[in-house]
Amino acid sequence: RIQFRGQETHAGPSPMSLRRDPMRSAAEFINEGYAIAERHAPQGRMTFGYIHASPGSPNTVPGTVELTLDLRHPDGEAYADMQSLVEAAIAETAAKFGNTWGAQRVWEAPGVSFDEGCVSYVREATQTLGCNAIEMVSGAGHDACNVAAVAPTSMIFVPCDEGLSHNEAENISAQQAADGADVLLHAILRAAVAVS
């Protein structure tokens, strides 16, 4: 959660050159944030899901702009590099427009590596069944991320129409659901044989 703080003032009598408008800091920082994600492609992620200007009046330069930043990368070094670049960009954009700033890290979830044995059982199951499959990084936090801390874990994803997931319009066919369940069954059987 990031705050840019400037000077609240009336839109009409306040010349652009004299404003300490935190919206300008926020806007420039958002652009720089997306650039940081692009420099860490294809796995870097940057999402600004909430922006609030206070006092929230149409004809008032805001005194404060608060926004949220969701930053993700599965590689620990790249994740740390992105964090460092974001912190520098916050300070630079605030200084450029005469603003102060604050930032609070409210949640952190570094990337999780799944058990190679479990991943191989899923891989072998897809090959046995002749399913088209790719190995991928989820990017989303799933229950499996917490389970992986205490037990061997992997995940199986079924492709969604147009790649849309975590959305009420998400959709898969009955055959895709059956294929996913079949892959799960075969992966579990392989795991059972491996530990017996």
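The values are calculated or read from the model by the stated rules, or taken from the named source; none is laboratory data. It should be emphasised that the depicted structure is a prediction, and the values quoted were computed from it without experimental measurement. Cβ coordinates were reconstructed from backbone atoms using ideal geometry, including for glycine residues, and neighbour counts include every protein chain displayed. For the accessible areas, the whole protein counts, side chains as well, though only heavy atoms, and no ligand, DNA or RNA atoms are used. Shrake-Rupley method; radii C 1.70, N 1.55, O 1.52, S 1.80 Å.
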Cβ-Cβ under 9 Å pairs, at least 6 apart or on other chains, region 152-175 side outside any loop (DSSP other than H, G, I, E, B), far side of a type outside the set (S, T, N, Q)
161/169; 161/170; 161/172; 162/169
Residue 47 versus (1) open to solvent by 90 Å² or more (accessible area, probe 1.4 Å); (2) under 30 Å from residue 110 (Cα atoms): which is the lone unmet condition?
(1)
Any residue in region 118-145 that is touching a residue at least 24 places away in the same chain (Cβ under 8 Å) sitting within a Cβ distance under 9 Å of a residue that is in a loop (DSSP other than H, G, I, E, B) and surrounded by fewer than 13 Cβ atoms within 10 Å (Cβ to Cβ)? List the pairs, counting only those 6 or more apart or interchain.
119/135; 122/135; 126/132; 140/166; 141/109; 145/109
Any residue at all in region 126-146 that's under 27 Å from residue 83 (Cβ atoms), open to solvent by less than 50 Å² (accessible area, probe 1.4 Å) and of a type in the set (Val, Ile, Thr)?
no
Determine if region 65-75 includes at least one residue that is open to solvent by 50 Å² or more (accessible area, probe 1.4 Å), hydroxyl-bearing (Ser, Thr, Tyr), in a loop (DSSP other than H, G, I, E, B) and modelled with pLDDT of 95 or more.
no
Of everything in region 28-38 that's touching a residue at least 24 places away in the same chain (Cβ under 8 Å) and more than 15 Å from the chain's Cα centre (by Cα), which residue is least open to solvent (accessible area, probe 1.4 Å)?
29
Based on what the data block shows, is residue 56 on the phi > 0 side of the Ramachandran plot and either of a type outside the set (Val, Ile, Thr) or under 13 Å from the mean Cα position of the chain (by Cα) (or both)?
yes
